[in-house]
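Student: Handing you this structure, nothing more for now.
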Amino acid sequence: MSEQEILFMFLKIGIVLIGLLSVTPIMLFVERRGSAMLQNRVGPNRFGPLGLFQSVLDVLKFIFKEDRAPGHVNKFYFSLAPIVTVIPALMTFAVIPFAGNDFIIANLDVGILYCFSIASLGVYGIIMAGWASNNKYSLLGSLRSSAQMISYELTLGLSIVGMIMVFQSLKLTDIVAGQGETLFSIGGLSVPKYGIFIQPVGFILFLVSSFAETNRLPFDLPEGESELIAGYHLEYGSMRFALFMLSEFVNMTVASALLATLFFGGWHYLPGFESLAAHFAEGANTDTTYMISSFFHGLSFVIKIAGFMWFFVWVRWTLPRFRFDQLMNFGWRVLFPIALLNVFVTGLLIYFGVL
Amino acid sequence: MLAERKPGFWNKFYVVEIARGLAITMKNMLFAKRATIEFPEERRDYSPKFRGQHYIKTVNGVENCTACMLCPTVCPAECIHIVAGEREDKEKYPVKFEIDSLRCCFCGMCEEACPKDAIKLSNIYEMSQQSRTVYEKDFLLEQRGNK
């Protein structure tokens, strides 16, 4: 590996890490103001333009609060749990190409499987937090969380089997590259081979189960303020709680990134961005052209992610929480058979040469 | 009570209903009027009948009150305390006129009982205090929120 490649690797890791960590304050702001606007309120708008610095205050408050552990907890696991929750959340992004196929930290052959296996490690942190808190509510929350995450991981995994079958690869780079092809064209308008067009059922299944995986409403039973107070992070305060919050938002980002990568063409240009990139790259040499096109690829990807993040917030403030038996019924009796059926129908369509 | 509901065929696929719900929230966000009143800049308009902070009406700088003691008599919270005195021109006037703002229940009976239209309740509702305040006569004579 040459010196230049190592430098490029560090640059990519830096972009991903800084991007993922800065998502939290941005999402704090969006969650606050977005929820307010969806409920006909105004939201915090005092500190800074449009209340933008409110999240700075939040972070300062988290930092300056006393880092307190109650007497009845298991100290070792209590302090380990937030770390165990946050590290898998940050690791998952490694195999997602974010601005062209060169911009990927590790191009693994098992790509998407790595994502799921690391994401499912996050449940250990939650169980640890619930158990170490030595508190009935926390334990109930973490038990619910483990049941829910294991149930919905099945659907999550099965929903993308169709995509893997169509593109014949587990590498996310191959899947994204495959989505650049044209599916069909009507007149001058060409529809790309995005996952949403060839696997609409898979998309909905993946969307629903990613909501469940990230413990967001309408599947936030592990937290359930009204029934479990705050679930597994009831005993936590200051930066330890902030790490749980961080991991939730990072999980959201990774889920959105996977949705964008698998079903909305990943880093492929949004409509209009291609001509914009060509306009800026006019008369430039190859390196500059590459940088400009990478920038616009990255921007397209970020906009797609932002759309899904907003969708997460939008759904949170629209739908009520499921009851636990409804949740399990929905996961096992509705989503799981549909996912299996989707795999079967996709296989038939590939066999008869439609896809 | 568990009500038996028969969802229609399309309602069983949550997708359509969820999309409708999302449309409703988005419509609210884009088009509905904000319910928030941003307090220091905007104020809520109360009815003129609103019973807020007390004041004693004055005519040419002299209070209307003749210390007839009707308001402390009628006051259900017993928060008005008057000491009557006599002016140079033999007219009765309140030497002390105190209202215990913590005891007052803002029923407005003093306002109704007053024969001289002296004690009044204004529209002012920002009455938070840092101490257990008793409104003195000087304070009440300042004509805050005179109407």
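None of the figures in this text is laboratory data; all of them are computed from the coordinates on show. Just so it is clear, the model here is predicted, and its values are computed rather than measured. Glycine also receives a Cβ, built like all others from the backbone with ideal geometry; neighbour counts cover every protein chain displayed.
Student: Calculate the length of the line joining the C-alpha centroid of region A:1-69 to that of region A:145-195, in whole Å.
Tutor: If you average the Cα positions of each part, the centres end up 29 Å apart.
Student: Can you check what the net charge comes to around B:VAL134, using other residues whose Cβ is under 14 Å from the Cβ of B:VAL134 (Lys, Arg +1; Asp, Glu -1)?
Tutor: Neighbourhood net charge equals -1.
Student: Something else: Note down the magnitude of the dipole of region A:199-355 about its Cα centre, charges +1 on Lys and Arg C-beta and -1 on Asp and Glu C-beta and zero elsewhere, to the nearest 20 debye.
Tutor: Using Cβ point charges on Lys, Arg, Asp and Glu, region A:199-355 gives about 300 debye.
Student: Give me the angle, in degrees from 0 to 90, between the Cα long axis of helix A:286-316 and the longest principal axis of the Cα atoms of chain A, rounded to the nearest 10.
Tutor: Value to nearest ten degrees: 40.
Student: So for region A:68-351, averaging the separation of alpha carbon pairs under 8 Å that are six or more residues apart and normalising by length, what relative contact order in percent results?
Tutor: Once normalised by length, the contact order is 25 percent.
Student: My understanding is that a pair violates if its Cα-Cα distance is over 26 Å; which of B:LYS49/B:LYS92; A:LYS12/A:LYS171; A:LYS12/A:LYS65; B:LYS92/B:LYS120; A:LYS304/B:LYS33 do that in this structure?
Tutor: Checking Cα-Cα distances, B:LYS49/B:LYS92; A:LYS12/A:LYS65; A:LYS304/B:LYS33 exceed 26 Å.
Student: Further question on the same structure: What angle, in degrees between 0 and 90 and rounded to the nearest 10, separates the Cα long axis of helix A:238-263 from the longest principal axis of the Cα atoms of chain A?
Tutor: Taking the Cα atoms of chain A, the angle to A:238-263 is about 30 degrees.
Student: Can you give me the relative contact order of region B:54-140 as a percent, contacts being Cα pairs under 8 Å and 6 or more apart?
Tutor: About 35 percent, as a whole number.
Student: As an exercise, use a Förster radius of 60 Å and the Cβ-Cβ distance of A:SER238 and B:MET127 to find the FRET efficiency, rounded to the nearest 0.05.
Tutor: With R0 = 60 Å, the Cβ-Cβ based efficiency is 0.95.
Student: Label points 7 Å out from Cα along the Cβ direction at B:TRP10 and A:MET1: separation in nm?
Tutor: 5.5
Student: Follow-up question, since we're still on this one. Under a cut-off of 20 Å between alpha-carbon atoms, report the aspartates and glutamates in cross-link reach of A:LYS61, not counting same-chain residues fewer than 8 places apart.
Tutor: Within the straight-line limit of under 20 Å, A:LYS61 reaches these aspartates and glutamates: A:GLU31, A:GLU235, A:GLU248.
Student: To the nearest 10 degrees, how steep is helix B:14-31 against the longest Cα principal axis of chain B, on a 0 to 90 scale?
Tutor: So the helix axis and the longest Cα principal axis differ by about 40 degrees.
Student: Within straight cross-link reach of A:LYS136, meaning Cα distance under 21 Å, which lysines are found once same-chain residues fewer than 8 apart are removed?
Tutor: Once the sequence-local lysines are set aside, what remains near A:LYS136 is A:LYS75.
Student: So how far apart, in nm, are the two label points at A:LEU189 and A:PHE76 if each is 7 Å from Cα heading toward Cβ?
Tutor: Inter-label distance under the simple model: 6.3 nm.
Student: Could I ask something else about it? Helix-derived [θ] at 222 nm for chain A: sum -39500 (n - 2.57) over DSSP H runs of at least 4, divide by residue count, nearest 500?
Tutor: Value at 222 nm, helices only, nearest 500: -21500 deg cm²/dmol.
Student: Right, something else. Which aspartates and glutamates, if any, have their Cα less than 19 Å from the Cα of B:LYS90, not counting same-chain residues under 8 positions apart?
Tutor: Filter leaves B:GLU63.
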